[in-house]
Amino acid sequence: MPTGQSEGDVTGAPVRITDGLVDAILARLATVPPERGGALLAAGGLVHLLVEDSSARYSRTSWDISTALSATVGEIEAAGHGTLAGTVHTHPPGVPEPSSTDIATTRDALGLNPHLGELVIAIVTEGTPREHDLPVGSRHRMSLHVLRRNHTGQPSLARVRGAVVPLAADLAAAGITIASATSITSWRRRRRGRTARLRAELPTVITLNHSPRLAVRVRSARPAALLIHPGYPQVGPVAVTGRQDAGGLAVLQPLPSPWDPVTEPCPQLAALARAAAGRRIAGSTKRVWPVVGALSGRRVLIAGAGSVGSRIAEDLVRSGVGAFTVIDPDRVEAPNLARTIYSAADIGAPKPDALARRLQAIDPAAVVDRHATPLGTTDLPRALAGVSLVVAATDDMTEQALLAHHAYAAGLPLVACALYKKAAAGEVVLSVPAAGTACWWCAVGAGTPSDSYRPDRDYGLHGRLAGESALGPSVHLVAGVAASAALGLLAGPRSQAGRHLKRLLSQRRTLGLIATTPAWGFFKTVFAGMDHQHAPQSVWVRVDPDANCPVCGACPVPPLDAQAGTEIAAIISERRQNFDHESPVRFP
Amino acid sequence: MPAAHLGPSPADVEILRWLDPGNAEDWTPVFTARITGWTFRLTPPFSGQRPFVFFAFRCPSDGNAFRIAVLEPDMDAEYGHARHMIRAHVGGRLIPVICGPEGKPTKDLAMVRAHAAKWMAYTSARMSGLNPGFSL
């Protein structure tokens, strides 16, 4: 028993050791006679890696630490796999405490490493674990001691408890392996020939939000890892993927990583691993495949991520649509919770970010490009590149018109959806240039009956429609029709989902009016005498292109692009500057 | 696809023919490869003020309707509030325009003139320190 340390004295926080490291100590040290030893490395407060001293001289009662161990630990530290935390070695049966030589050697090591505040001395012996020991396998125990600098800088020894963190087992259950040991021999052999492979095998310590985390690779076609917090499992990992920035440097891209510390960690780890790998859950689209076929290669632009747009996006991702471009300048607010797919945790987040989280929680493989900008300031030609379908679900009819114009000019099909006053009814517009349908403007633009059904415009919101009191189910009824049409257009006329649209498009019945309340508007005339009818009801109205329409007419005009905006601003600016304030205004 | 603006449309010219036969308001076409519009000036109702000058340009996405920007006097800051002027996104830029009914663009030049005249009457009265009696 070392001086100043009695059998019952246990101080300080426990040393947290991964289960994988305990297993490695058992396999590499405890069960290999005579004495065996190595260095321990940690990430933050989590001891996770054994560097076995395979170059040492061992006797039945001693471990003569090799000089190579110090050098190798330095190399492994420099490679980012952890920081020296102490040593571990075996003792003969009946000697469970560190010897005076162990303490002296560790004191020397602490002196040589002034940046370290303490070093652990772990002693493994055969025998039944005592109260403060950690069990190592079924026949061994490990006592833990810390040589810690006191306030005068002098090291003093204290016995500490150990706590095993079930990281390797949890990761294994989620299909992820973590290396918990290496040796001088392995490190040197691999360093000579296969450095990259070795580095890939050992977890790396990465600092995220000022906290070191253990990066564990996830097998994937793309760079993917889980960043394990030293406080695991109370603090959850962060799923990350990698990308290259403009300069070609690798940049970590953290992904939404929900974690509930009071529920089973393994399914959560598996979900995070899927998120990091961008892996869809096998069979998730099995029941919609016969209806829509494969949609993973399709990209849909969602303009407006409110009650309508977010619902449609969720239906699309659940049906297998693989990529989205989401445009919305707003943040999630409390009233949104009543009618959208957002949750309390999303309050304050930009809607595109919150929607991306939701879509990727459903399908980790979903790609979501986010634009938290007004539609009018978005580079729409660029945003529309590579898009298969446009969903217009904004509360700004001017922007809705602008998007519809851009989509028509680009030859892209569009589904537009909007609710009428109090969500008593709503509209779904199908615009398919390839089918020669009318554009959005001809169907529901200013001057059409639909324009008068809409909520009032709010000048305070620059002409956006004012929010109306209405139930979520009423909104979702109309949004569901739009989502169904969107899937039909994506799947094509030969699909089960698209078959019914074929007739509508050929007859140019591209304006769907969906009443969520009985006897809405002119429906009471259309359905007069049909007492068996009730809400919801729909009427699909024929819309013919207006020959003079600048969007779908005989002489189409392109939308005002960025250059046009610049020209108009310049005209205003120049002509204001050039006014002759003394004489009557004249223009050339 | 490039626009094929060939100058003032016959419909615009027809409206101007009866709206301002002598072109006393100096209606002048403005057209480039991308923009079609008109500048014009109106005489304010209160004396001592210079003519008000406007620039109306077509927005093809809004059914080819007009947005109206005020060139003179430059009151963007003073009247740049919701009820009298709004900022409309035009080609990705925010352009201050007169707020017509419900903030919508204006269908033809007759309506352009009507909205511009109303805005001028309001602003002219305010500039003279008077209560315009409407759109307060």
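Beyond 24 Å in Cα-Cα separation lie the following of the pairs A:K502/B:K104; A:K422/A:K524; A:K421/B:K104; A:K421/A:K524: A:K502/B:K104.
As I understand it, the value is the acute angle between the Cα axis of helix A:265-277 and the longest principal axis of the Cα atoms of chain A; what does it come to in degrees, rounded to 10? Approximately 60 degrees, to the nearest ten.
Isolated cysteines of chain A, defined as having no other cysteine beta carbon under 4.7 Å away, are A:C266, A:C417, A:C442, A:C549, A:C555.
Against chain A, whose longest principal axis is taken from its Cα atoms, helix A:351-362 shows a tilt of about 60°. Taking the C-alpha atoms only, the angle from helix A:184-193 to the longest principal axis of chain A is near 50 degrees. 3J(HN,Hα) along region B:86-95, derived from phi through the Karplus expression 6.51 cos²θ - 1.76 cosθ + 1.60 where θ = phi - 60°, amounts to 10, 9, 9, 6, 10, x, x, 10, 8, 10 Hz, with x in place of Gly and Pro.
Residue separation of A:A349 and A:V262 scaled by 0.36 nm, minus their Cα-Cα distance, works out to 28.8 nm of gained length. Near A:Y58: Cβ cut-off under 10 Å, other residues only, Lys/Arg at +1 and Asp/Glu at -1. The net charge is 0.
Would you work out if region A:1-157 is rounded, prolate or oblate? Take a ≥ b ≥ c from the square roots of the eigenvalues of the alpha-carbon gyration tensor; rounded if a/c is under 1.5, else prolate when a/b is larger than b/c, oblate otherwise. The shape class here is rounded.
From the alpha carbon centroid of region A:537-576 to that of region A:60-81 is 72 Å.
Of the trypsin sites (Lys or Arg not before Pro) found in region A:509-577, the ones in coil according to DSSP and having at most 12 other Cβ atoms within 10 Å of their Cβ are A:R542.
Classify region A:210-334: rounded, prolate or oblate, from the alpha-carbon gyration tensor (a ≥ b ≥ c, eigenvalue square roots; a/c under 1.5 rounded; otherwise prolate if a/b is larger than b/c)? Taking the square roots of the gyration eigenvalues as a ≥ b ≥ c, region A:210-334 is prolate. Each residue of region A:425-434 was assigned a 3J(HN,Hα) from its phi angle through the Karplus expression (A = 6.51, B = -1.76, C = 1.60, θ = phi - 60°), giving 6, x, 10, 10, 10, 9, 10, 10, x, 5 Hz with x at Gly and Pro. Solvent-accessible area lost on pairing A with B (1.4 Å probe, both sides summed) amounts to about 4000 Å².
When the accessible area of the protein assembly as shown is split by element with a 1.4 Å probe, what percent falls to carbon and sulfur? The nonpolar share, carbon plus sulfur, comes to 53 percent.
Over all directions, what mean area does the Cα convex hull of the protein assembly as shown project, stated in square nanometres? Mean projected area of the Cα convex hull: 44.9 nm².
Site pair B:A110 and A:Q234 shows an inter-label distance of 7.7 nm when each label is modelled 7 Å from Cα along Cα→Cβ. What the pair-distance distribution of region A:397-537 shows, using all Cα-Cα distances binned every 5 Å from zero, is 2, 10, 18, 21, 21, 16, 9, 3, 1, 0 percent. Normalised by the number of residues in region A:422-545, the average gap of Cα pairs under 8 Å and 6 or more apart makes the relative contact order 33 percent. Applied to region B:54-69, the Karplus parametrisation 6.51 cos²θ - 1.76 cosθ + 1.60 on θ = phi - 60° returns per-residue 3J(HN,Hα) values of 10, 10, 9, 10, 7, 10, x, 5, 9, x, 6, 6, 9, 9, 10, 9 Hz, with x for Gly and Pro.
A 1.4 Å probe, protein heavy atoms only, puts the accessible area of A:E35 near 10 Å².
Extension gain for the segment A:H500 to A:C555, taken as residue separation times 0.36 nm less the Cα-Cα distance, is 16.7 nm to one decimal. By the helix-only formula, in which each DSSP H run with n ≥ 4 contributes -39500 (n - 2.57) and the sum is divided by residues, the protein assembly as shown has a 222 nm mean residue ellipticity of -8000 deg cm²/dmol. Full extension of the segment from A:T177 to A:R60, taken as 0.36 nm per residue of separation minus the current Cα-Cα distance, would add 38.7 nm. Once C-alpha pairs closer than 8 Å and six or more residues apart are averaged by separation and normalised to the residue number of chain A, the relative contact order reads 9 percent. Surface analysis of the protein assembly as shown yields an accessible area of 45 Å² per residue, using protein heavy atoms and a 1.4 Å probe.
The values are calculated or read from the model by the stated rules, or taken from the named source; none is laboratory data. Being a predicted model, the structure only gives us computed values, none of them experimental. Backbone-built Cβ (ideal geometry, glycine too); neighbour counts: all protein chains shown. For accessibility, only protein heavy atoms count, side chains too; no ligands or nucleic acids. Shrake-Rupley method; radii C 1.70, N 1.55, O 1.52, S 1.80 Å.
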